[in-house]
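*Asks:* Have a look at this one before I ask anything.
The values are calculated or read from the model by the stated rules, or taken from the named source; none is laboratory data. Quick caveat, the model's predicted, so the values are computed rather than measured. Positions of Cβ are generated from backbone atoms using ideal geometry, with glycine treated the same way; all protein chains shown enter the neighbour counts.
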Amino acid sequence: MTIEAPDLSLAALAPLLFVFGAACIGVLVEAFGPRDSRHPVQVAVALVGTLGGLVTTVLLAGTREVTAGGALAVDGAGLFLQATIAGLGALSLLLFAERNLDPARSAFVVSAAVPAGSVRDRELLTVQRVQTEVYPLATFAIGGMMLFVTANDLLVMFVALEVLSLPLYLISGLARRRRLLSQEAAVKYFLLGSFASAFFLYGVALVYGATGTVRLAGVREAVAGAEGGTLVVLGLALLVVGLLFKASVAPFHTWTPDVYQGAPTPVTAFMAACTKVAAFGAILRLLYVAFGTEEWTWRPLVYGVAIVSMVIGAVLGLTQTDLKRMLAYSSVAHAGFLLTGVLGLPATGDAAGSGLPAVMFYLLAYGLTTLGAFAVLTLVRSGEGEATHLSQWAGLAQRSPLTAAVMSLFLLALAGIPLTSGFTGKFAVFRAAIEDGAWPLALVALLASAVAAFFYLRVIVLMYFSEPAVDGPTVGVPGLPTTIVLAVTAAATLLLGIVPGAVLGLADRAAIFVG
Amino acid sequence: MDTVAAEGLLSASWLVIALPLLGAAVLLLGGRRTDAWGHLLGTATVVAAFVLGLLCTVQLAGVEGHAVDAELFTFVSTGSLDVGAGLLVDPLSATFMLLITGVGSLIHVYSIGYMAHDPRRRRFFAYLNLFVAAMLLLVLGDNYVALYVGWEGVGLASYLLIAFWHDRPSAATAAKKAFVMNRVGDVGLALAIFVMFAQLGTVSYEGVFGGVGALAGGTLTALGLLLLLGACGKSGQFPLQAWLPDAMEGPTPVSALIHAATMVTAGVYLIARSAPIYDLTPTARGVVLAVGAITLLYGAIVGCAYDDIKKVLAYSTVSQIGYMFLAVGLGPVGYAAAIAHLLTHGFFKAGLFLGAGSVMHAMGDEVDMRRFGGLARRLPVTFVTFGLGYLALIGFPFLSGYWTKDAIIEAALDRGDWAGWLLGGVAVLGAGLTAFYMTRLMLMTFFGRPRWTEDQHPHESPSVMTAPMVVLAVGSVAAGFLLVQVFPLDTWLEPVFGVPEEAEHVVAPALVGLVVTAVMALGVLAAWLFVGRREVPEVAPARVSPVVRAARRALYADTVNESLFMRPGQWLTRALVWVDNRGVDGAVNGLAATLGGSSSRLGRAQTGFVRSYALGMLGGAVVVAGALLAVTAG
């Protein structure tokens, strides 16, 4: 028996190589670099890796090939999503690197192994040492996400899922303040994530059992040949459940509020922006490439899940009093909106239709906006860390008009008010759904948007029309990294709302799956 | 109507509008810095506009066809709607341009004196300039949308100026009333423009008049009636006349310029301009006739009963515009007569209002004629100029009103049918009533025993006020003769209205003139018998005949408005507020409570325990798998 070397297009893999290379170098720096200069070096390595990944995806634009022995599909949609993840990842890393806001110069705990609340822990709280393991960990997660959206093979997809999840579980528990909450979030995320991974893996097994292949294209052929029957459908159900968990779609969203609240805010921003993109990229690829011929099997499912997610996210968001939890439910509602766009996908031939580009644009717009919103949350602080309780934001506009204005912009975008990217994105996905005849879904989506608008606008009203509390929070002066993030995300939120043409056109041209 | 592109001075005709607009902008935006010289700038811009307008008109007289279109820029261009901003200078609009800027200039000059002691003088001149600019746009635009913009602009200026002394509740109420009633008319005009666009795809005069021939009769009639509604609102014609007398709450120069000489004649302009539409719809023209006849009698009757000098003049305006409506309703034979009467009326009514302002100036803003009397000797210039205006208005032979009013009556009689006799009769009767109420006004104001207290010291107004009055008085005397005999207006307007067929005179013009003069003399005599012969009581007698009582209450027009529209409107408002509070708010609040409640109830599922989360996920997975299986099985 001879083993043939798989064909390997290094050029097409360059973005992944860049990011994973940076992650490996980061591990080496962690092991051998001098402690004092580690932080700038780690930040530089991580940024070079992610930005290199971003640049190479741009250079690869137009590539359509299946490589690595058929395990990876480097195509328009994959590259667009990889670029989105790399870009949002780089911005998240900038938030990680912020050293001006926390009095102890970092949002991350110095030594995660020290028990929370112990004497040593209290000593370390004020030490200005920074912890740099988060950078390679986050870079690995970014690499995993980029792999996830180009995986052309269920097993590679599973591996990518684990590569992106495991570092996330870890860095969720690294908050410097409110450590118990952070650790609880990490454990919850880990347990439930493993549970979801098990679903996914079992789904892979069932599909393999039914079709004899794990290649998406192979599954497609087998399904089209009417092989498998019940087994394939069961496998599809389990695969979808695993992915919906990562995308925090209700009813698989229960981890989202707890983890978003407990994790360090830069990590929450990272998860909210990048994980969403990765999970939807995988959902799109799975449904379109592997089960494209089974459209009428999964459409009702997506229809129902989208409604549940929008309604749960919008309604539960109403009574949240913590801004991070509120944004978590907002993320659940937005997952529902994204699913309405997924329904716009016509699974015929090579044409991607209006659904795929709409979802891709929405992911980019939502990622930038939500990243910006969480970045603003890191600015507003009280004695015990970030002030995320709603009541603490009363009258913020009087204290810091610029912060309030920027936050209002992000909230308006999340609510989908015209002239913001949120409106363009919503318009695109709803139109895609309506074009495919799913207007009742678009109607529910509009109603849910109206309900959700209430809790976004409530924050704006609170900031502008309430008297500030006497012992209110202070608004920190951000350093260069956070300033860059805020500037980029705010500008993008406005530009994608006012002149979205170029990016919409790009998404249109890129909306191609191979495999 | 053939137009040629504007050349030379005519291509600068936009400056006529731009100058007063610039004045308004400088005065409004310049703030207090312009207080010292603002009124002079405002006056200068209008005078400059008049000079420019005069030069344009002179040049226009030399242009072939007497019509010039000056395209400025594209105003609206969306889909199939294309509205260019262009100006149309033709004999009709040029005539109005001269009237507006000419009378406007005189009244600006007068206002320098009249408003000298008002702390908000600059603002007054700014609004006045704004009015002149908007009115010029109204008459000079070459499409209905430009007309509408001007129409609303003069409405705004009128509102602002009626309420100029807004600290007086009566002024604020009057402004509101004018605004609301004008809105009713404006809706008609707007709908008419919508109909034009829907049916013809254009709103330019050229396009509309070229296309109306192809329209169905019903559409044409609707168009005519909608335009008439707009005209009635702006011109204070029945049934939308009630706002005009109340509008006298504004400063007197405003009453003279806006509510006598120019703005209120915009309705006449609208109908005359839309002549090609009315020529095709006898039904709408009949309604115009009816409106004109009813209003001219109504105004004349009510004018007999009021004691407020400005209100009498206001009802007189209502009545005289009724004459103009009657004339335009007659069709081609009446257009030129209507415009001629409009012009002479502009002279003598503006002069009368300025005279009334001068009297009020002398009497400390008193308007009740029962407190005047014997002012002829104290205010000689005012008396003479006012007297000439009075004679012109009542149609004293060979003064302005005589020529133009007679022309209208002749045109009505020339119809030859019963309607012609009826309309002619109404017009002659109106002339008699006009003579009665105006003589009554003269007698109560300038003659008889002084009924004012000695400490009022009536004094003649400064020359900055009397000079415009003199100029207008000269116009009152000569304008009619000039327009009818020397520079015949109907020849000048022929490019617009065409050459009317030479109608056969049913009654000889000389006889008409004789009869009208006789009726006028009767009216004067009656006024002498009822008012001049005896002492005027200082308090209006309470025991009067039902006719007088009705006339004192404006023939119950306000009562009708109040009971038919205002009170039901208030009830409707109250009902809607109730529905809004109980129904809409209730539904909204209920919905919010429901959502909030379900939010807290659903939120209980978020226990914080991983085990329950996992259970939820498992449940979800089972449902998902079950649903998928159900779908494939089914």
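*Asks:* Spot the failing condition for residue B:36; the list is (1) at pLDDT 80 or above; (2) within 23 Å of residue B:101 (Cβ to Cβ); (3) of a type in the set (Gly, Ala, Ser), and only one is missed.
*Replies:* For residue B:36, the failing item is (2).
*Asks:* Shifting gears a bit: If you go through segment A:203-234, how many residues are within 14 Å of chain B (Cβ to nearest Cβ) and either without any contact (Cβ under 8 Å) to a residue 24 or more places away in the chain or closer than 18 Å to residue A:151 by Cα (or both)? Full working, then the answer.
*Replies:* Taking segment A:203-234 first, the residues within 14 Å of chain B (Cβ to nearest Cβ) are A:203, A:206-207, A:210, A:223, A:226-234.
Then drop every residue that is not either without any contact (Cβ under 8 Å) to a residue 24 or more places away in the chain or closer than 18 Å to residue A:151 by Cα (or both), which leaves A:203, A:207, A:226-230.
Going through segment A:203-234 one residue at a time, the tally reaches 7.
*Asks:* For segment B:193-210, does any single residue satisfy the condition of being crowded, with 19+ Cβ neighbours inside 10 Å and within 13 Å of the chain's Cα centre (by Cα)?
*Replies:* No, there is no match, as no residue in segment B:193-210 is crowded, with 19+ Cβ neighbours inside 10 Å and within 13 Å of the chain's Cα centre (by Cα).
*Asks:* What is the residue count in segment A:143-194 for residues that are in contact (Cβ under 8 Å) with a residue 12 or more places away in the chain and over 16 Å from the mean Cα position of the chain (by Cα)?
*Replies:* Final tally of qualifying residues: 28.
*Asks:* Just checking, does segment A:145-168 include any residue being buried (at least 17 other Cβ atoms within 10 Å of the Cβ) and within 28 Å of residue A:382 (Cβ to Cβ)?
*Replies:* Within segment A:145-168, one or more residues are buried (at least 17 other Cβ atoms within 10 Å of the Cβ) and within 28 Å of residue A:382 (Cβ to Cβ).
Conditions (1) hydroxyl-bearing (Ser, Thr, Tyr); (2) more than 10 Å from chain B (Cβ to nearest Cβ); (3) in a helix (DSSP H, G or I); (4) surrounded by fewer than 24 Cβ atoms within 10 Å (Cβ to Cβ), marked per residue:
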residue: A:297; (1), (2), (3), (4): yes, no, yes, yes
residue: A:304; (1), (2), (3), (4): no, no, yes, yes
residue: A:320; (1), (2), (3), (4): no, no, no, yes
residue: A:326; (1), (2), (3), (4): no, yes, yes, no
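*Asks:* I'm checking my understanding of the structure. Among residues of segment A:244-285 that are of a type outside the set (Ser, Thr, Tyr) and outside any helix (DSSP H, G or I), which one is nearest to the chain's Cα centre (by Cα)? Walk me through it before giving the result.
*Replies:* From segment A:244-285, those of a type outside the set (Ser, Thr, Tyr) are A:244-247, A:249-253, A:255, A:257-259, A:261-264, A:266-267, A:269-274, A:276-285; that's our starting set.
From what's left, outside any helix (DSSP H, G or I): A:247, A:249-253, A:263-264.
Details: A:247: 8, A:249: 12, A:250: 16, A:251: 18, A:252: 15, A:253: 14, A:263: 14, A:264: 15 Å.
Looking at the filtered set, the residue picked out is A:247.
*Asks:* Limited to segment A:424-443, what total is found for residues that are surrounded by fewer than 20 Cβ atoms within 10 Å (Cβ to Cβ) and either part of a helix (DSSP H, G or I) or at pLDDT 90 or above (or both)?
*Replies:* Of the residues in segment A:424-443, 7 are surrounded by fewer than 20 Cβ atoms within 10 Å (Cβ to Cβ) and either part of a helix (DSSP H, G or I) or at pLDDT 90 or above (or both).
*Asks:* Looking at (1) hydrophobic (A, V, I, L, M, F, W, C); (2) part of a loop (DSSP other than H, G, I, E, B); (3) at pLDDT 95 or above, find the lone condition where residue A:104 falls short.
*Replies:* (3)
*Asks:* Working carefully through the options B:501, B:538, B:562, find the one that is part of a loop (DSSP other than H, G, I, E, B), farther than 30 Å from residue B:57 by Cα and of a type in the set (Asp, Glu).
*Replies:* B:538
*Asks:* Something else about it: If you go through segment B:438-447 one residue at a time, do you hit one that is more than 22 Å from residue B:308 (Cβ to Cβ) and either of a type in the set (Gly, Ala, Ser) or in contact (Cβ under 8 Å) with a residue 40 or more places away in the chain (or both)? Walk me through it before giving the result.
*Replies:* Keep residues of segment B:438-447 that are more than 22 Å from residue B:308 (Cβ to Cβ), which gives none.
Looking for residues that are more than 22 Å from residue B:308 (Cβ to Cβ) and either of a type in the set (Gly, Ala, Ser) or in contact (Cβ under 8 Å) with a residue 40 or more places away in the chain (or both), one finds none in segment B:438-447, hence no.
*Asks:* For the condition touching a Phe, Trp or Tyr at 6+ places or on another chain (Cβ under 9 Å) and in contact (Cβ under 8 Å) with a residue 60 or more places away in the chain, what is the one hit in A:53, A:69? Walk me through it before giving the result.
*Replies:* Working: A:69 fails: touching a Phe, Trp or Tyr at 6+ places or on another chain (Cβ under 9 Å).
It is A:53.
*Asks:* Which residues, taken from segment B:402-448, are more than 29 Å from residue B:382 (Cβ to Cβ) and touching a Pro at 6+ places or on another chain (Cβ under 8 Å)?
*Replies:* B:410
*Asks:* Those residues that are without any contact (Cβ under 8 Å) to a residue 60 or more places away in the chain and more than 23 Å from the chain's Cα centre (by Cα), I need them from segment B:535-564; list them, please.
*Replies:* Initial filter on segment B:535-564 (without any contact (Cβ under 8 Å) to a residue 60 or more places away in the chain): B:541-547, B:549-550, B:553, B:556, B:559-560, B:562-564.
Scanning segment B:535-564 gives B:541, B:542, B:543, B:544, B:545, B:546, B:547, B:549, B:550, B:563, B:564.
*Asks:* So, one more: Could you list all residues from segment B:593-611 that are at the interface with chain A (Cβ under 8 Å from one of its Cβ atoms) and either hydroxyl-bearing (Ser, Thr, Tyr) or surrounded by 12 or more Cβ atoms within 10 Å (Cβ to Cβ) (or both)? Step through it out loud before you land on a result.
*Replies:* Within segment B:593-611, the subset at the interface with chain A (Cβ under 8 Å from one of its Cβ atoms) is B:595-596, B:598-600, B:602-603, B:605-606, B:608, B:610.
B:595, B:596, B:598, B:599, B:600, B:602, B:603, B:605, B:606, B:610 - these are the residues of segment B:593-611 that are at the interface with chain A (Cβ under 8 Å from one of its Cβ atoms) and either hydroxyl-bearing (Ser, Thr, Tyr) or surrounded by 12 or more Cβ atoms within 10 Å (Cβ to Cβ) (or both).
*Asks:* Under 8 Å between Cβ atoms, which residue pairs at least 6 apart in sequence (or on different chains) link something in segment A:314-336 that is free of Cβ contacts under 8 Å to residues at least 12 places away in the same chain with a partner that is not in a strand (DSSP E or B)?
*Replies:* Hits for this filter: A:319/B:596; A:319/B:599; A:319/B:600; A:319/B:603.
*Asks:* Let me ask something else. One residue is enough: does segment A:189-202 have a residue meeting the conditions more than 14 Å from chain B (Cβ to nearest Cβ), surrounded by fewer than 20 Cβ atoms within 10 Å (Cβ to Cβ) and not charged (D, E, K, R)?
*Replies:* Step one: filter segment A:189-202 for residues more than 14 Å from chain B (Cβ to nearest Cβ), giving none.
Among the residues of segment A:189-202, not one is more than 14 Å from chain B (Cβ to nearest Cβ), surrounded by fewer than 20 Cβ atoms within 10 Å (Cβ to Cβ) and not charged (D, E, K, R), which makes the answer no.
*Asks:* Right, residue B:283: within 24 Å of residue B:468 (Cβ to Cβ) and in a helix (DSSP H, G or I) or not? Working first, answer last.
*Replies:* Working: within 24 Å of residue B:468 (Cβ to Cβ): no; in a helix (DSSP H, G or I): yes.
Considered against the rule, which asks whether it is within 24 Å of residue B:468 (Cβ to Cβ) and in a helix (DSSP H, G or I), residue B:283 comes out as no.
*Asks:* Search segment A:235-260 for residues that are within 7 Å of chain B (Cβ to nearest Cβ) and closer than 16 Å to residue A:322 by Cα and pair each with any residue that is charged (D, E, K, R) and assigned to a helix (DSSP H, G or I) when their beta-carbon atoms are under 8 Å apart and the residues are at least 6 apart or on different chains.
*Replies:* These pairs meet every condition: A:255/A:188; A:257/A:325; A:258/A:184; A:258/A:188.
*Asks:* So, one more: Does residue B:545 meet the test of being hydroxyl-bearing (Ser, Thr, Tyr) and surrounded by 11 or more Cβ atoms within 10 Å (Cβ to Cβ)?
*Replies:* Details: hydroxyl-bearing (Ser, Thr, Tyr): yes; surrounded by 11 or more Cβ atoms within 10 Å (Cβ to Cβ): no.
Here the answer is no, as residue B:545 does not meet what is asked.
*Asks:* What is the one condition in (1) surrounded by 12 or more Cβ atoms within 10 Å (Cβ to Cβ); (2) assigned to a helix (DSSP H, G or I); (3) within 14 Å of another protein chain (Cβ to nearest Cβ) that residue B:525 does not satisfy?
*Replies:* (3) is the only condition that residue B:525 fails.
*Asks:* Give the residues of segment B:105-144 that are within 26 Å of residue B:11 (Cα to Cα) and not in a helix (DSSP H, G or I), sorted by residue number.
*Replies:* If the condition is that a residue be within 26 Å of residue B:11 (Cα to Cα) and not in a helix (DSSP H, G or I), then B:141, B:142, B:143 are the ones that fit.
*Asks:* If you don't mind, there's one more thing I want to ask. From the list B:582, B:553, which residue is basic (Lys, Arg) and either in the same structural domain as residue B:432 (by TED's automatic domain parsing) or under 30 Å from residue B:447 (Cβ atoms) (or both)? If you could, list the steps in order and put the result at the bottom.
*Replies:* Working: B:582 fails: either in the same structural domain as residue B:432 (by TED's automatic domain parsing) or under 30 Å from residue B:447 (Cβ atoms) (or both).
Every option except B:553 fails the conditions.
*Asks:* Given the criterion within 10 Å of chain A (Cβ to nearest Cβ) and of a type in the set (A, V, I, L, M), identify the matching residue among B:572, B:555, B:618, B:564. Even if it seems obvious, please write down each step before you answer.
*Replies:* On the way: B:572 fails: within 10 Å of chain A (Cβ to nearest Cβ); B:555 fails: within 10 Å of chain A (Cβ to nearest Cβ); B:564 fails: within 10 Å of chain A (Cβ to nearest Cβ).
On inspection, the qualifying residue turns out to be B:618.
Here is a yes/no grid of residues against (1) touching a helix residue (DSSP H, G or I) at 6+ places or on another chain (Cβ under 9 Å); (2) at pLDDT 80 or above; (3) assigned by TED's automatic domain parsing to the domain that holds residue B:497:
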site	(1), (2), (3)
B:18	yes, yes, no
B:40	yes, yes, no
B:51	yes, yes, no
B:64	no, no, no
B:81	yes, no, no
B:103	yes, yes, no
B:108	yes, yes, no
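*Asks:* Which condition does residue A:447 not pass, out of (1) within 14 Å of chain B (Cβ to nearest Cβ); (2) surrounded by fewer than 19 Cβ atoms within 10 Å (Cβ to Cβ); (3) of a type in the set (A, V, I, L, M, F, W, C); (4) in contact (Cβ under 8 Å) with a residue 60 or more places away in the chain, if it passes all the others?
*Replies:* Residue A:447 satisfies every listed condition except (4).
*Asks:* Exactly one of these conditions fails for residue A:92: (1) part of a helix (DSSP H, G or I); (2) more than 18 Å from the chain's Cα centre (by Cα); (3) crowded, with 20+ Cβ neighbours inside 10 Å. Give me its number.
*Replies:* (2) is the only condition that residue A:92 fails.
*Asks:* Looking at (1) more than 37 Å from the chain's Cα centre (by Cα); (2) surrounded by 14 or more Cβ atoms within 10 Å (Cβ to Cβ); (3) outside any helix (DSSP H, G or I), which one does residue B:631 not meet, given that it meets all the others?
*Replies:* It fails just one condition, (3).
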